[in-house]
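Derivation of every value follows stated rules applied to the coordinates shown; laboratory data play no part. Just so it is clear, the model here is predicted, and its values are computed rather than measured. When we count neighbours, we look across all protein chains shown, and the Cβ atoms used for this are built from the backbone with ideal geometry, even at glycine.
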Protein chains: 2
Amino acid sequence: MQYKQLQNNELSALLAGEMKKFNEFKEKGFKLDLTRGKPCKEQLDLSMGMFDIVNSKTVFGDDKNDYRNYGFIKGVPELNRIFAKLLGVDEEEIISANSSSLCMMYDAVQRAMQFGVLGSKPWNGQGIKFICPSPGYDRHFRICETFGIEMIAVPMTDNGIDMDLVEELVSKDDKIKGIWCVPKYSNPDGITYSDETVKRLAKMKTAASDFRIFWDQAYFIHSLSGDDDKLLNILDLCNEAGNPNRVYIFASTSKITFASGGVAFFASSENNIAEAVKRMGAQTINPNKMSQWMHYEFFKTAEGVLEHMKKHAAILKPKFDAFLTIFKNAFQTDSDVVRWTRPKGGYFISVYVLEGCAAKVIDLCKECGLSLTPAGATYPMGIDDSDSNIRIAPSCCSLEEISISAEILVCCIRIAVLEKLMED
Amino acid sequence: MQYKQLQNNELSALLAGEMKKFNEFKEKGFKLDLTRGKPCKEQLDLSMGMFDIVNSKTVFGDDKNDYRNYGFIKGVPELNRIFAKLLGVDEEEIISANSSSLCMMYDAVQRAMQFGVLGSKPWNGQGIKFICPSPGYDRHFRICETFGIEMIAVPMTDNGIDMDLVEELVSKDDKIKGIWCVPKYSNPDGITYSDETVKRLAKMKTAASDFRIFWDQAYFIHSLSGDDDKLLNILDLCNEAGNPNRVYIFASTSKITFASGGVAFFASSENNIAEAVKRMGAQTINPNKMSQWMHYEFFKTAEGVLEHMKKHAAILKPKFDAFLTIFKNAFQTDSDVVRWTRPKGGYFISVYVLEGCAAKVIDLCKECGLSLTPAGATYPMGIDDSDSNIRIAPSCCSLEEISISAEILVCCIRIAVLEKLMED
């Protein structure tokens with residue numbers, strides 16, 4: 001329906017109908033939560049077999065190495081090999097750590113702030129800036145906030161980011177030291193960076209010689225069906241472009257095995273890895289190699305991991321489909337007041353409502369017992385200038401819950417939009 | 001034997017006898033290693049039952065909480081309760097993390113450098129200093145080195161540290177922001193701080209209002225026999241003295257369960273814990289709670305942990321005894337060229353040889369195939385001015401290996417000392 005062409009009395013009639021539904025939802029006393037990109041119980045159960053593989057007789061390691069003891073700061077080589085293959089890097093270009101890739105990102109920023117990178121001046125005290133594709137992952141932005149790094153919001157496009165703008169910014173300002181990217185199935189839009197976008201990021205001229213791309217591969221093998229997006233290998237492209245040390249790649253098994261007990265990875269050029277290992281040598285003796293070995297025993301090969309991911313997709317896809325079907329039925333695809341993403345992977349659906357309505361929609365949903373990510377949360381400093389984006393995380397609900405949630409959201413969007421149109 | 005009273009011809013005769021033994025050792029082609037305070041295989045095996053307790057049906061958590069998923073940045077409360085009791089703090093005064101307490105120490109220093117503590121100015125750029133009781137743990141000193149923190153070496157005494165000197169230093173210099181302490185069974189001397197030492201640390205006047213004691217409880221329940229040293233509760237004493245936020249306490253299960261897959265703890269005042277949690281909230285979502293839950297299931301209670309520690313002692317004590325017996329037989333207890341510690345717990349024996357001989361002894365041992373921690377390694381910047389201390393780590397050898405190692409060491413000490421006395 002094209003809402004903007006309706007007369008006030010038509011809008012008013014529609015609003016009355018939606019208010020009736022809204023009050024019915026309120027009376028039901030729902031308690032629904034679409035805020036967090038968490039795996040659901042059934043997904044976590046997929047990896048529990050890991051604990052049947054190990055027992056008190058398990059050998060953690062081989063003849064030469066007892067992984068239960070100190071050592072191996074780069075993590076268990078057998079597991080590194082599997083994820084090097086999945087990430088398209090060499091064995092010498094990856095290290096595995098504890099469970100949190102966020103922690104590896106924070107620590108990478110922290111080390112650069114304190115020590116600089118590969119001999120450059122420490123970033124502390126320089127008034128540095130990061131480019132923040134927006135909307136994006138709130139925790140990336142929080143790292144910037146924590147270190148007082150100025151955030152420059154650059155809009156996402158269907159190809160990834162507005163590369164014209166990025167190129168212009170980084171070429172002129174040597175205070176711009178980094179960019180946050182979730183290049184595949186981005187959070188929250190589910191966009192995969194196009195070949196051209198990745199190539200331009202790898203070869204663009206940067207005023208700062210110590211510029212780094214923080215390449216968060218949070219969803220690199222997290223497709224929802226067989227039709228997986230293809231992402232170019234940025235490490236190779238950086239090498240070819242003569243910028244071999246430009247990119248830091250991060251990934252984890254938080255949404256492959258366990259959100260709280262997985263393994264995180266850091267991949268980069270050999271020089272960057274060597275620098276990280278040197279610095280980390282003052283911080284720790286080794287990561288939890290026993291958890292890493294259990295992951296290795298569970299998967300054995302890269303193919304084993306990919307097979308496992310199909311089981312996740314089988315759980316997640318129906319949830320995404322249920323939501324998308326309700327939205328399509330409610331608004332058709334050519335609505336003039338709402339659009340939404342149809343991602344082929346990742347953990348989120350992004351809904352864009354008429355400007356100035358997102359916060360209102362989220363408040364209305366709250367009244368019906370549906371919790372959504374706060375408006376603006378996916379923008380630097382939590383500010384969505386157009387007050388339009390709403391992030392939906394369908395993974396952690398049941399199919400029934402996602403359907404009810406979608407119905408509530410449809411109703412609340414209509415109310416907010418209708419009221420807004422009547423005001424204007 | 002009192003070597004210093006011997007005539008040159010007597011020294012020369014003794015040296016000839018030792019050189020004969022030395023050459024015999026060399027010919028044997030030993031490969032022995034006393035460098036590292038690592039648990040041995042039998043100790044690691046003690047905790048393997050942990051992997052029989054869990055399987056694919058294990059519930060990680062309870063009705064309300066699924067510890068396999070995101071959340072609980074302070075770690076698993078059930079495990080925190082056990083270690084709060086063991087460390088003598090309240091449940092609100094402890095958090096559990098990943099496997100490395102060293103990492104928690106590094107991060108605590110890093111946060112203070114970057115952000116200050118409880119509202120104080122960041123330590124970065126202030127030219128700050130730490131007091132380093134010496135000899136001590138080389139990795140504490142390496143953290144200082146990494147951040148460019150000046151290290152002030154203060155000698156260890158039988159009561160812990162030279163408190164007169166510490167009090168004088170911290171009262172006068174507001175650049176002194178911290179002190180590293182291993183208060184129980186210290187590395188490498190095995191000394192436990194006396195009641196007076198702990199009380200004075202808690203109540204001393206410090207010129208810096210943001211002074212912190214880094215209290216590394218690496219061996220807090222690691223006695224070698226039933227006769228455990230008693231250490232006063234420094235958090236209570238700091239509270240009583242009106243310095244409630246002065247101390248950061250660290251511990252881990254690296255030498256309780258697994259050196260590579262244990263759980264680390266940070267205990268402090270509620271204010272300090274709240275500050276750490278706030279900062280960590282930008283760094284990570286949670287530690288590996290699955291490993292924490294497995295530890296909880298394995299121990300269940302504080303008493304369970306203490307019972308477990310007796311099994312470690314049963315493995316370690318004979319190794320310490322074997323070494324000490326050989327030394328006593330070789331040098332008696334009143335030697336004028338060598339003294340050594342007889343610790344009631346921890347992982348090390350400290351041998352002090354005639355000044356100027358430690359490096360030589362270690363070189364000679366190397367020739368016989370016995371690796372020892374490099375001379376000076378336990379001093380700031382790796383410099384032992386008196387070239388006297390040799391750190392012995394008996395844990396990771398077999399009983400036979402420790403006996404041979406001790407015999408080699410006795411021989412090499414005699415040679416180095418005799419040569420030195422003949423020079424003088």
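Determine Rg/Rh for the protein assembly as shown; Rg is computed over alpha-carbon atoms and Rh is the Kirkwood hydrodynamic estimate from the same atoms. Provide the component values of the computation, followed by the final result.
Working: Rg = 30.5 Å, Rh = 29.5 Å.
In the protein assembly as shown, Rg relative to Rh is 1.03.
Relative to the compact-globule scaling 2.2 N^0.38 Å, provide the ratio for the alpha-carbon radius of gyration of segment A:71-167.
Values: Rg = 16.1 Å, N = 97, 2.2 N^0.38 = 12.5 Å.
That ratio works out to 1.29.
When you work out D = kT/(6 pi eta Rh) for segment B:2-90 at 4 °C and 1.567 mPa s, using the Kirkwood radius from C-alpha pairs as Rh and the Stokes-Einstein form, the result is 65 µm²/s.
Listed by chain and number, the aspartates and glutamates whose C-alpha is less than 15 Å from the C-alpha of residue A:57, apart from same-chain residues fewer than 8 away, are A:66, A:297, B:42, B:45, B:52.
Output the relative contact order of chain B, whole-number percent, from Cα pairs under 8 angstrom with separation of 6+ residues. List each step's numbers first, then the result.
Numbers: 782 pairs, mean separation 112.2, N = 424.
After rounding, I find 26 percent.
Label-point distances for residue A:230 to the equivalent site in the other copies, using a point 7 angstrom along Cα→C-beta, read 7.4 nm when ranked shortest first. Between the beta carbons of residue A:91 and residue B:278, assuming R0 = 41 Å, the FRET efficiency works out to 0.60 to the nearest 0.05. Provide the percentage of antiparallel DSSP beta bridges, counting only those with both residues in segment A:61-300; round to the nearest 5. Rounded to the nearest five, the antiparallel share is 35 percent. Note on segment B:94-237: Rg/Rh from Cα positions, Kirkwood definition for Rh, rounded to two decimals, is 0.95. Shape class of segment A:1-154 from the alpha-carbon gyration tensor: oblate, with a/c at 1.5 or above and b/c at least as large as a/b.
Across segment A:61-300, counting alpha-carbon atoms alone, Rg and Dmax equal 17.4, 55 Å.
Enclosing the Cα atoms of segment B:223-311 in their convex hull gives a volume equal to 122 cubic angstrom per residue. Here's the picture: a label point sits 7 Å out from the Cα of residue A:332 along the beta-carbon direction, and within segment A:390-422 the residues with their amide nitrogen under 17 Å of it are A:414. For the residue pairs A:366/B:278; A:184/A:289; A:184/A:278; A:121/A:278; A:4/A:420, the C-alpha atoms sit more than 22 angstrom apart in A:366/B:278; A:184/A:289; A:184/A:278.
Taking A:218, A:358, A:16 in turn, the Gaussian network model of chain A (Cα-Cα springs below 10 Å) assigns the largest fluctuation to A:16. The alpha carbon radius of gyration of chain B, expressed as a multiple of 2.2 N^0.38 Å, is 1.05.
In this label model, residue A:26 and residue B:359 are separated by 8.2 nm, measuring between points 7 Å along each Cα→Cβ vector.
Multiply the residue gap between residue B:57 and residue B:167 by 0.36 nm, knock off their C-alpha separation, and tell me the result in nm, one decimal place.
Working: separation 110, 0.36 × 110 = 39.60 nm, distance 5.60 nm.
Between residue B:57 and residue B:167, full extension yields an extra 34.0 nm.
Segment A:66-116 and segment A:379-414 have Cα centres spaced 34 Å apart. Taking the DSSP bridge list for segment A:97-192 and keeping only pairs wholly inside it, about 20 percent are antiparallel. At q = 0.16, 0.19, 0.31 Å⁻¹, what is the base-10 log of I(q)/I(0) for segment B:27-68 according to the Debye formula with one equal point scatterer per Cα and no solvent? Please give it to two decimals. Ignoring solvent entirely, the Cα scatterers give -0.68, -0.78, -1.07.
Just for the protein assembly as shown, what percent of DSSP beta bridges are antiparallel, to the closest 5? Around 50 percent of the beta bridges assigned by DSSP in the protein assembly as shown are antiparallel ones.
Going by how many other Cβ atoms sit within 10 Å of their own, how do B:212, B:391 line up, fewest first?
Going from least to most buried by this count: B:212, B:391.
With the convex hull constructed from alpha-carbon coordinates only, segment A:372-424 shows a mean projected area of 4.3 nm² over all directions. Considering only A:292, A:126, A:217, the mean-square fluctuation computed in a Gaussian network model of chain A, springs between alpha carbons under 10 angstrom, is largest for A:126.
A simple rule links phi to the HN-Hα coupling: the Karplus curve 6.51 cos²θ - 1.76 cosθ + 1.60 with θ = phi - 60°, which for segment A:213-219 gives 8, 8, 9, 8, 7, 4, 10 Hz, with x for Gly and Pro.
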